[in-house]
Amino acid sequence: VKAAEGSTSTIRNGTVTMYTEELKGNLFGLIPITFSPETPPPLNVPFAFFTDATVKQAGQFGGSLKVPGLQNYFTGGKS
């Protein structure tokens, strides 16, 4: 999945659970960090945001996801 360049994707409306293999970006717009099964978040916080974020293999449950200029594509997967 790819969004329009320079756009902001949002998840709103209700409780959201997001499953990822890796989440990389600038936590609170300041701290470069990568979260994965090997390096999980050290604390469970009620609110966080990332800038310059990339996500590998995401699954979202709940809420409403808005991705401006959404493009879906497949890359090198196994069939």
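Quick notes on this one:
- Restricting attention to segment 55-79, the residues that are of a type in the set (D, E, K, R), part of a loop (DSSP other than H, G, I, E, B) and modelled with pLDDT of 80 or more add up to 0.
Quick grid of which residues meet (1) free of Cβ contacts under 8 Å to residues at least 60 places away in the same chain; (2) in a loop (DSSP other than H, G, I, E, B); (3) surrounded by 10 or more Cβ atoms within 10 Å (Cβ to Cβ):
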site: 7; (1), (2), (3): no, yes, yes
site: 15; (1), (2), (3): yes, yes, no
site: 25; (1), (2), (3): yes, no, yes
site: 33; (1), (2), (3): yes, no, yes
site: 38; (1), (2), (3): yes, yes, no
site: 41; (1), (2), (3): yes, yes, yes
site: 53; (1), (2), (3): yes, no, yes
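- Residue check, residue 38 among the acidic types (Asp, Glu), in contact with a strand residue (DSSP E or B) (Cβ under 7 Å, 6 or more places away or on another chain), at pLDDT 85 or above and more than 20 Å from residue 71 (Cβ to Cβ): no
The values are calculated or read from the model by the stated rules, or taken from the named source; none is laboratory data. It should be emphasised that the depicted structure is a prediction, and the values quoted were computed from it without experimental measurement. Ideal geometry is used to build each Cβ from the backbone, glycine not excepted, and the neighbour counts take in all protein chains shown.
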